[in-house]
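Take a look at the structure below.
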Amino acid sequence: MSELMEIEPPFVFESGGFADHTTPLVRDCWYIAGRSGEISRNIISRRLLGVDVALYRTLAGEPIAVRNRCPHRSFPLAKGKLVGDILVCGYHGMQFDPSGHCVNMPSMPIVPTNASVRTFPVVERAPLVWIWMGDPDKADEALVPGTHWLSDPLWKSVTGDFHMQSDYVSMHENLLDQTHFPFLHPGTVGTPEYARSKLNVREEGDVVIIDRALRNSAPPGIYGIPAGIMDKKVDRLSEARFASPAIHTAFAKIIDLAPDAGKQAEYRFNITHLITPETQTSIHYWWFNSRNFKLDDADADQFLSDASTQAYLEDVDALQWILEVVRKDHEKQFDLNFAPDKPALLMRRSLYHRAAAEAGYRL
Amino acid sequence: MSELMEIEPPFVFESGGFADHTTPLVRDCWYIAGRSGEISRNIISRRLLGVDVALYRTLAGEPIAVRNRCPHRSFPLAKGKLVGDILVCGYHGMQFDPSGHCVNMPSMPIVPTNASVRTFPVVERAPLVWIWMGDPDKADEALVPGTHWLSDPLWKSVTGDFHMQSDYVSMHENLLDQTHFPFLHPGTVGTPEYARSKLNVREEGDVVIIDRALRNSAPPGIYGIPAGIMDKKVDRLSEARFASPAIHTAFAKIIDLAPDAGKQAEYRFNITHLITPETQTSIHYWWFNSRNFKLDDADADQFLSDASTQAYLEDVDALQWILEVVRKDHEKQFDLNFAPDKPALLMRRSLYHRAAAEAGYRL
Amino acid sequence: MSELMEIEPPFVFESGGFADHTTPLVRDCWYIAGRSGEISRNIISRRLLGVDVALYRTLAGEPIAVRNRCPHRSFPLAKGKLVGDILVCGYHGMQFDPSGHCVNMPSMPIVPTNASVRTFPVVERAPLVWIWMGDPDKADEALVPGTHWLSDPLWKSVTGDFHMQSDYVSMHENLLDQTHFPFLHPGTVGTPEYARSKLNVREEGDVVIIDRALRNSAPPGIYGIPAGIMDKKVDRLSEARFASPAIHTAFAKIIDLAPDAGKQAEYRFNITHLITPETQTSIHYWWFNSRNFKLDDADADQFLSDASTQAYLEDVDALQWILEVVRKDHEKQFDLNFAPDKPALLMRRSLYHRAAAEAGYRL
């Protein structure tokens, strides 16, 4: 029985819905399969959107993703081995080329050429490898979200990851919601003035964007300390973006209103949150905190790594607690919504409509 | 998915039934939420009848029980904090007064006054705090079972507790059944003469009472040793009472037929068993062994604590083994009943009828 | 809820089917309950085909198998005790003779003579005790598979066992399949010549037999090393037999084509695989590697024990990985079959038809 069947099947879509952890996952989307450095000549396996995937590189270095299940007797292919670019099953030695086609079955006098293992489209944009778990005909590389700052030499990133018992809907809701900052992250992000500044919300297709501009105010520590401008007044322009079910970006521009002689006025931070559902109730989560200044400053690295880890761990704890409550509670609860939940509700409506469309529903 | 769904829903009541671990729990009843000392200014959570409850005290010391789930985004409120008498959610800072009404939502310009979290009626009778998980309109304080001996200075108690993987039906059956004493508790309770003495059974409404009188016989060690009358002949009068789904009391009166000069003739023991289902297959269990003599005798305390713990642990083991057998067995078994099971069957019929009535069935 | 309900009930048989891990278990069959030495005056319990069984010996040494669940209050009888040949329940002292009939219920003035606990037919063929979990009217001792070599003084055996998270269908398939030898067991069994030798397959009723003859070739290490004939040319005659759902035997005869003076020409190995499903997804597995030469040679014992343990552990790992993949995978897969899978498919068809017949289906 599939672990996904923890969620009651079949799911019936109704008009006017908002996604939650029971909604089928959006599959027609580029998700992260892993960091570039995780995928190598040593085959690894990872569960992505409920499917076990084996990941490896060809001799030429191309990342390959195949279903981690031999089509003959369901042996996990990641337990097999690579011979050149050929993936050899560990049970009967069935051989697959990088396109998934069987090129030899040792126990057979002729090659069963119609045999194959499913492969998944992958695209590498270092330091990330993206995968498409949905309809392969829709796997357009042009849809891979831009993350140029992660490899741009004019930017410097610190990074980390979590394996969470949560759902991607709640995770995206958390990222689009800044009203929790003073309560869940009292030590790190969010100042009272910021929480009160006007929030603008807009949709661009399936993308939900919020932005704020806070003028002539003290910077929060997480930006002001690494920039070394805690005693200054700044303009703070920020944008958070549900770019896709797989990625949320948060960009901040801090403008020192009276820069010291010889110092820059503008400090930029690009935060990248990458979310791949493992199942409907667990996710792989990678984060990057990138800046365009003090590129070689180990103290800034350490400060931003520590502060990010602390804040994201608070989010991880909260989201895991919530899913545990929701799943084990005896009585169903229909959560209340308030005006500040609007960005999250736009995101949840979009996820719901995309999942329904993939399932062939017209809402 | 709720853990309660381990039990196949929906349950259909049929006439003539006896409760077992699959029968819905009786909710209209005062159950123990915890010991008085467990509930403080530090919020705790406890699962009671399948519902997570957050427990704390106001500044004035009043115990408060609220559903451990914020109505906004299901954050467990026990992970929040108290500011005075206000419970503050740890996610978005939503504030609730002790009646459960929202008194502030920081992200909103006005208070969403129609928002609230469910609270549960509680009554403190030290050293116990009782809670009503059913229809609040029926939560009559007059229905709280009497346990005055637990706080009466003329009595002294030793106490303990267990978290058990068993069901409250089997637990009450075990407590109403004395024919297991010589087999499950060979070292502690039950003498052969006692087992053979006449048992009287009666019902008073939903209460099931059994009593026995054994005249002019040797006392069992568990009573005779702390009283210091092991060499005497005694009359032994005992009553055991299924007082409610939450409490079983066992009272014993030992009468020394030839008391030594200057010594009392009557020794009384009141045993209190308090049972709160956590789910249909796990329970919180607290016990008290109270006596009306040697109130300051540390040896008597130690003896009664050790003997009780040993005997109740034997019951806990047996009941856990049984539920494990019942739940994992491939084939259903309809247990045989014998004449000595009558008190337990009266209790099980009562539980069944109460559960059916709460579910709106007329049997 | 029964653990067996992990498999979706009810199972519907369709014509043309092949058993897999979801097919109901064949119950009308002698299975191993345990080794003779495991069953003693100390009662043990073991789950066999989804049913908890208590196993003990009478004073006369006869092995007895009873359902591990008292018919009165479901107490596990293996937690009780033996008084002579009487099994006494540990809860209320209910007493059962070796036939399962109640001979005393201490709390009752008369014996409830119609009360009994289910017993299972058992037959001891040292070093094994066989049990029949199906219809007792069909439990014909003549159906106990022959394993005389396990107790014959002209044979010597080494042995081991595993508790596996796999299903008996996949286990039997693995045993009937020799094409995996070079890939899963590269160090131990299977030479390239052997893999290419002609395989004969035949059915005799429900028995599936494969055999091979490889002439004038080098022996594989697992046979040649203990026989001390690694430098010789041999004829190798081998037969593997799905003898029943409970037992697979593999017999090998190695004939030294030029035996040294005074040495034997024929070396025989009988491998016995004994498989009892614990549930549909876990099995008890015992193996014996028996030989008819060097009976007192400790080095041969050690070599064969080590080599067998290594090879079978490779099988155990593979089968456990496969079942984990099959059970947790989000998408159903219909495994491809190739010509060399024929023996396994005959076995799977036979298991399917036997299970259907037991369930009353006519396919």
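Any chance segment C:26-37 includes a residue that's farther than 21 Å from B:F334 by Cβ, more than 13 Å from every other protein chain (Cβ to nearest Cβ) and without any contact (Cβ under 8 Å) to a residue 40 or more places away in the chain?
no
Scanning segment C:55-69 for residues that are aliphatic (A, V, I, L, M) and more than 19 Å from the chain's Cα centre (by Cα), which turns out farthest from the other protein chains (Cβ to nearest Cβ)?
Only one residue tops the list, namely C:A60.
Could you say which residue among C:P127, C:P136 is exposed (fewer than 13 other Cβ atoms within 10 Å of the Cβ) and not β-branched (V, I, T)?
So the residue among C:P127, C:P136 that is exposed (fewer than 13 other Cβ atoms within 10 Å of the Cβ) and not β-branched (V, I, T) is C:P136.
What is the one condition in (1) assigned by TED's automatic domain parsing to the domain that holds A:W287; (2) assigned to a loop (DSSP other than H, G, I, E, B); (3) in contact (Cβ under 8 Å) with a residue 24 or more places away in the chain that A:V158 does not satisfy?
Here A:V158 meets the rest and fails (2).
Criterion first (within 21 Å of the chain's Cα centre (by Cα), assigned to a loop (DSSP other than H, G, I, E, B) and of a type outside the set (A, V, I, L, M)) does A:F11 satisfy it? Reasoning before the result, please.
On the way: within 21 Å of the chain's Cα centre (by Cα): no; assigned to a loop (DSSP other than H, G, I, E, B): yes; of a type outside the set (A, V, I, L, M): yes.
No: the conditions fail for A:F11.
Could you give me the residue pairs with C-beta distances under 9 Å whose first residue belongs to segment C:188-210 and is over 30 Å from C:V26 (Cβ atoms), whose second residue is of a type in the set (F, W, Y) and modelled with pLDDT of 80 or more wherever it lies, and which are 6+ apart or on separate chains?
Listed by first residue and then by second, the contacts come to C:T188/C:F181; C:T191/C:F181; C:Y194/C:F181; C:A195/C:F181.
From the residues in segment B:318-345 that are in contact (Cβ under 8 Å) with a residue 24 or more places away in the chain and either touching a strand residue (DSSP E or B) at 6+ places or on another chain (Cβ under 7 Å) or charged (D, E, K, R) (or both), which one is nearest to the other protein chains (Cβ to nearest Cβ)?
Among those residues, the one meeting the criterion is B:R327.
Do you know which of the residues in segment C:79-96 that are of a type in the set (D, E, K, R) and within 13 Å of chain B (Cβ to nearest Cβ) is surrounded by the fewest Cβ atoms within 10 Å (Cβ to Cβ)?
Per the stated criteria, the residue is C:K81.
Return yes or no: is C:Y223 within 26 Å of C:H172 (Cβ to Cβ) and touching a residue at least 40 places away in the same chain (Cβ under 8 Å)?
Values: within 26 Å of C:H172 (Cβ to Cβ): yes; touching a residue at least 40 places away in the same chain (Cβ under 8 Å): yes.
Here the answer is yes, as C:Y223 does meet what is asked.
Based on this model, can you work out whether C:L143 counts as at pLDDT 95 or above and in the same structural domain as C:D301 (by TED's automatic domain parsing)?
no
Exactly one of these conditions fails for C:K342: (1) among the charged types (D, E, K, R); (2) over 18 Å from C:L176 (Cβ atoms); (3) surrounded by fewer than 17 Cβ atoms within 10 Å (Cβ to Cβ). Give me its number.
The single condition C:K342 does not satisfy is (2).
Would segment A:205-212 turn up any residue that is within 14 Å of chain B (Cβ to nearest Cβ) and either crowded, with 21+ Cβ neighbours inside 10 Å or among the basic types (K, R) (or both)? Steps first, answer last, please.
Initial filter on segment A:205-212 (within 14 Å of chain B (Cβ to nearest Cβ)): A:210, A:212.
With the extra rule that they be either crowded, with 21+ Cβ neighbours inside 10 Å or among the basic types (K, R) (or both), the set shrinks to A:210, A:212.
Scanning segment A:205-212 turns up at least one residue that is within 14 Å of chain B (Cβ to nearest Cβ) and either crowded, with 21+ Cβ neighbours inside 10 Å or among the basic types (K, R) (or both).
Which members of segment B:80-125 meet the condition of being over 22 Å from A:E173 (Cβ atoms), of a type in the set (A, V, I, L, M) and touching a strand residue (DSSP E or B) at 6+ places or on another chain (Cβ under 7 Å)?
Those that are over 22 Å from A:E173 (Cβ atoms), of a type in the set (A, V, I, L, M) and touching a strand residue (DSSP E or B) at 6+ places or on another chain (Cβ under 7 Å): B:L82, B:I86, B:L87, B:V103, B:V111, B:V122, B:V123.
Applying the selection to segment A:10-38, what residues are at pLDDT 95 or above and farther than 22 Å from A:M171 by Cβ?
Answer for segment A:10-38, where residues must be at pLDDT 95 or above and farther than 22 Å from A:M171 by Cβ: A:S36, A:G37.
Would you call A:F120 among the aromatic types (F, W, Y), touching a Cys at 6+ places or on another chain (Cβ under 9 Å) and either buried (at least 19 other Cβ atoms within 10 Å of the Cβ) or within 14 Å of chain B (Cβ to nearest Cβ) (or both)?
no
Here is a yes/no grid of residues against (1) touching an Asp or Glu at 6+ places or on another chain (Cβ under 6 Å); (2) facing chain A (nearest Cβ under 10 Å); (3) part of a strand (DSSP E or B); (4) in contact (Cβ under 8 Å) with a residue 12 or more places away in the chain:
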position: B:P71; (1), (2), (3), (4): no, yes, no, yes
position: B:P98; (1), (2), (3), (4): yes, no, no, yes
position: B:V103; (1), (2), (3), (4): yes, no, yes, yes
position: B:V111; (1), (2), (3), (4): no, no, no, no
position: B:E124; (1), (2), (3), (4): no, no, yes, yes
position: B:I131; (1), (2), (3), (4): no, no, yes, yes
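Residues of segment B:299-337 being among the aromatic types (F, W, Y) and modelled with pLDDT of 95 or more, which ones?
Taking segment B:299-337 and keeping what is among the aromatic types (F, W, Y), we get B:303, B:312, B:321, B:334.
Answer for segment B:299-337, where residues must be among the aromatic types (F, W, Y) and modelled with pLDDT of 95 or more: B:F303, B:Y312, B:W321.
If B:R47 passes every condition in (1) within 14 Å of chain A (Cβ to nearest Cβ); (2) touching a Leu at 6+ places or on another chain (Cβ under 7 Å) but one, which one does it miss?
Status for B:R47: all satisfied but (2).
The values are calculated or read from the model by the stated rules, or taken from the named source; none is laboratory data. It should be emphasised that the depicted structure is a prediction, and the values quoted were computed from it without experimental measurement. Cβ sites come from the backbone with ideal geometry, for glycine too, and all protein chains shown count toward neighbours.
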